[in-house]
Amino acid sequence: MQIKMKLIKSGVVAATLFNAVLSTTNLAAGHENRVTTALKSTVPVAKEPSVVDNDVNSSLVNEAKNSKHELMAKLAKIEFFSATFNQQIFDESGKELQQGSGLLSVSKPNLVHWQTIIPDESLIVSDGRNLWFYDPFVEQVSVYSLESAIANTPILLITSNDEKLWQDYSVSQLTTHRYLISSNSENSRVKSLELSFAKNVKNVELAAFNILDATGQLSVITLVHKDKAPDASLFTFAVPEGVYLDDQR
């Protein structure tokens, strides 16, 4: 039976993962209480951080802030784009699980139309307030508020210049044209998003992005841009007749 690999999983899966994290945390806390007494006599007193340590930490924090501001400034120059995409999905050992392709259109603020055509058709639409997920195969639509979706869908960061949306993420610059966005939350289902920009082009152009999720699964998406603005109708969504609506707003 073919397993349908999806970039963004359903709210049920998210809830299951969240409950698992809580259970693990509680178990760890219980274990810690049982061994605290035994450890008190063996754990050395922590050394006070030196001036050098503080300077290094301060330098790293400033570098991260600068990288975030630089990336936000670069993304601010992209008002919209339309592109075809090719996607490869790998497991944590590097084995390729699936290939796919489709269409991606983005317009600011907060508008996205992400249509996967191969191997299985699906549609993600952000209309600026809500994020819609349509799976024709199971005849279901799930909808989330955009604000709640940002936490597990960092690719939406490219659609907005709002600094509040970036508060839960750190940024490091890998090369002149590559940036790594990492979640500050240990419980995030998406651990990091890597953005790569095209070289030797007149305007700022997103060439590719990689998404690493909490299971170690890596999605590699490359873009081929079209020389036209996306149609406004792409960023609206109406639930098809006869399709089940799962409203998570």
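Applying the selection to region 202-249, what residues are without any contact (Cβ under 8 Å) to a residue 40 or more places away in the chain and surrounded by 15 or more Cβ atoms within 10 Å (Cβ to Cβ)?
If the condition is that a residue be without any contact (Cβ under 8 Å) to a residue 40 or more places away in the chain and surrounded by 15 or more Cβ atoms within 10 Å (Cβ to Cβ), then Ala207, Ala208, Asn210, Leu212, Asp213 are the ones that fit.
For region 187-201, enumerate the residues that are farther than 23 Å from Pro109 by Cα, touching a residue at least 12 places away in the same chain (Cβ under 8 Å) and either outside any strand (DSSP E or B) or touching a Cys at 6+ places or on another chain (Cβ under 8 Å) (or both).
Within region 187-201, Asn187, Ser188, Arg189, Lys199 qualify.
Quickly run through region 167-195 and pick out the residues that are farther than 20 Å from Ala208 by Cα and either in contact with a helix residue (DSSP H, G or I) (Cβ under 7 Å, 6 or more places away or on another chain) or among the aromatic types (Phe, Trp, Tyr) (or both).
Let us first name the residues in region 167-195 that are farther than 20 Å from Ala208 by Cα, namely 167-168, 184-189.
Across region 167-195, the qualifying residues are Asp168, Asn187, Ser188, Arg189.
Write out, first by first residue and then by second, each pair whose Cβ atoms fall under 6 Å of each other, whose residues are 6+ apart or on separate chains, and whose first residue, in region 117-146, is under 11 Å from Leu245 (Cα atoms) while the second is outside any strand (DSSP E or B) and of a type in the set (Phe, Trp, Tyr).
Trp132/Phe237
Please tell me if Ser188 is within 20 Å of Ser219 (Cβ to Cβ) and modelled with pLDDT under 95.
Numbers: within 20 Å of Ser219 (Cβ to Cβ): yes; modelled with pLDDT under 95: yes.
Taking the combined requirement at face value, the residue satisfies it.
On the given criteria, is Glu139 at positive phi and modelled with pLDDT of 95 or more? Lay out the reasoning, then the answer.
Numbers: at positive phi: yes; modelled with pLDDT of 95 or more: yes.
Yes, satisfied.
As an exercise: evaluate Gly216 against (1) in contact with a Phe, Trp or Tyr (Cβ under 7 Å, 6 or more places away or on another chain); (2) on the phi > 0 side of the Ramachandran plot; (3) not charged (D, E, K, R) and give the number of the one condition it does not meet.
Unmet condition: (1).
Leu157 - would you say it is in contact with a helix residue (DSSP H, G or I) (Cβ under 8 Å, 6 or more places away or on another chain), free of Cβ contacts under 8 Å to residues at least 60 places away in the same chain, crowded, with 18+ Cβ neighbours inside 10 Å and not basic (Lys, Arg)? Break it down into steps so the answer makes sense when it comes.
Working: in contact with a helix residue (DSSP H, G or I) (Cβ under 8 Å, 6 or more places away or on another chain): yes; free of Cβ contacts under 8 Å to residues at least 60 places away in the same chain: no; crowded, with 18+ Cβ neighbours inside 10 Å: yes; not basic (Lys, Arg): yes.
No.
Filter region 64-76 down to the residues that are among the charged types (D, E, K, R) and under 15 Å from Ser196 (Cα atoms), then identify the one that is surrounded by the most Cβ atoms within 10 Å (Cβ to Cβ).
Step one: of region 64-76, the residues among the charged types (D, E, K, R) are 65, 68, 70, 74.
Next cut, under 15 Å from Ser196 (Cα atoms) only: 68, 70, 74.
Working: Lys68: 19, Glu70: 13, Lys74: 15.
Taking the candidates together, the pick is Lys68.
Determine whether Glu92 is touching a residue at least 40 places away in the same chain (Cβ under 8 Å), surrounded by fewer than 21 Cβ atoms within 10 Å (Cβ to Cβ) and at positive phi. Write out each step before concluding.
Details: touching a residue at least 40 places away in the same chain (Cβ under 8 Å): yes; surrounded by fewer than 21 Cβ atoms within 10 Å (Cβ to Cβ): yes; at positive phi: no.
Spelling it out, it is not the case that Glu92 is touching a residue at least 40 places away in the same chain (Cβ under 8 Å), surrounded by fewer than 21 Cβ atoms within 10 Å (Cβ to Cβ) and at positive phi.
The values are calculated or read from the model by the stated rules, or taken from the named source; none is laboratory data. All values reported here derive from a predicted model rather than from experimental measurement. Cβ sites come from the backbone with ideal geometry, for glycine too, and all protein chains shown count toward neighbours.
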